[in-house]
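Reviewing the structure listed below.
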Amino acid sequence: MAKKKRMKDLTLWERIYLPEVAKGLSITLQNMFRPAFTMEYPEVKFMPQGSYRGRPVLVLEEHGGERCVACGLCSRVCPALAIEIQAGETDREKERYPEKFEINMLRCIFCGLCEEVCPEEAIVMSKDYELAFTKREDAIYGKDKLLVPVAELQDRIEFLRSFK
């Protein structure tokens, strides 16, 4: 026959939980006098680093052209089906460009897969984190809202190139 294990008898101090309560109170008192990490958001803006993934944007070159060649890889890889592209033909050096490029920001899950798959570094995740919409139509970003000059995205592009 198997013997039953007997529970350890608790001392008086262990039964009244006084050491544990004192330990918890000491941790609370220590943290009360440390400096606060809270950021006063509307007044103080958060400045993210290059690794931050905000809303996706299209890169606008210095000469005014867009990098996108409308290959459609970003729309195919998007798990939320948030990107819609219609390609157009041109007689310039690049054969194609996006006539229509829309991202539904209500669907976008900010995963960054569109950025990773883009062969031209034409779509990158910016530092923009303030997104508020009053109507559903406002959440569909066209090329007018998506095109951002390359100078504003330089730290993110350098961050991406450090992994290649």
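Observations, loosely collected:
- Matching option when the condition is over 30 Å from Glu158 (Cα atoms), out of contact with any helix residue (DSSP H, G or I) (no Cβ under 8 Å at 6 or more places or on another chain), not acidic (Asp, Glu) and not in a helix (DSSP H, G or I), among Lys8, Lys23: Lys8
- Residue count for the range 118-142 under the criterion of being closer than 18 Å to Gln86 by Cα and either surrounded by fewer than 16 Cβ atoms within 10 Å (Cβ to Cβ) or among the β-branched types (Val, Ile, Thr) (or both): the result is 5.
- Single unsatisfied condition, Pro42 versus (1) in contact with a Lys or Arg (Cβ under 9 Å, 6 or more places away or on another chain); (2) farther than 21 Å from Ile140 by Cβ: (1)
- Any chance Leu160 is touching a residue at least 40 places away in the same chain (Cβ under 8 Å), in a loop (DSSP other than H, G, I, E, B) and surrounded by 14 or more Cβ atoms within 10 Å (Cβ to Cβ): no
- One residue stands out in the range 38-93 among those that are hydroxyl-bearing (Ser, Thr, Tyr) and in a loop (DSSP other than H, G, I, E, B): the one that is surrounded by the most Cβ atoms within 10 Å (Cβ to Cβ), namely Tyr52.
- The range 120-143 residues that are closer than 18 Å to Lys100 by Cα and without any contact (Cβ under 8 Å) to a residue 12 or more places away in the chain, paired with ones that are surrounded by 13 or more Cβ atoms within 10 Å (Cβ to Cβ) and of a type outside the set (Val, Ile, Thr) (beta carbon under 9 Å, 6 or more apart): Asp138/Met105
- Considering Met125, Met47, Met32, Met39, the condition of being within 19 Å of Pro149 (Cα to Cα), of a type outside the set (Ser, Thr, Tyr) and out of contact with any helix residue (DSSP H, G or I) (no Cβ under 9 Å at 6 or more places or on another chain) is satisfied by Met47 alone.
- Matching option when the condition is in contact with a strand residue (DSSP E or B) (Cβ under 9 Å, 6 or more places away or on another chain) and closer than 30 Å to Pro42 by Cα, among Glu102, Glu61: Glu102
- Residue in the range 12-31 that is free of Cβ contacts under 8 Å to residues at least 24 places away in the same chain, at positive phi and not charged (D, E, K, R) present: yes
None of the figures in this text is laboratory data; all of them are computed from the coordinates on show. Owing to the predicted nature of the structure, the values given are computational and were not obtained by experimental measurement. Reconstructed Cβ throughout: ideal geometry from the backbone, glycine too, with neighbour counts over all protein chains shown.
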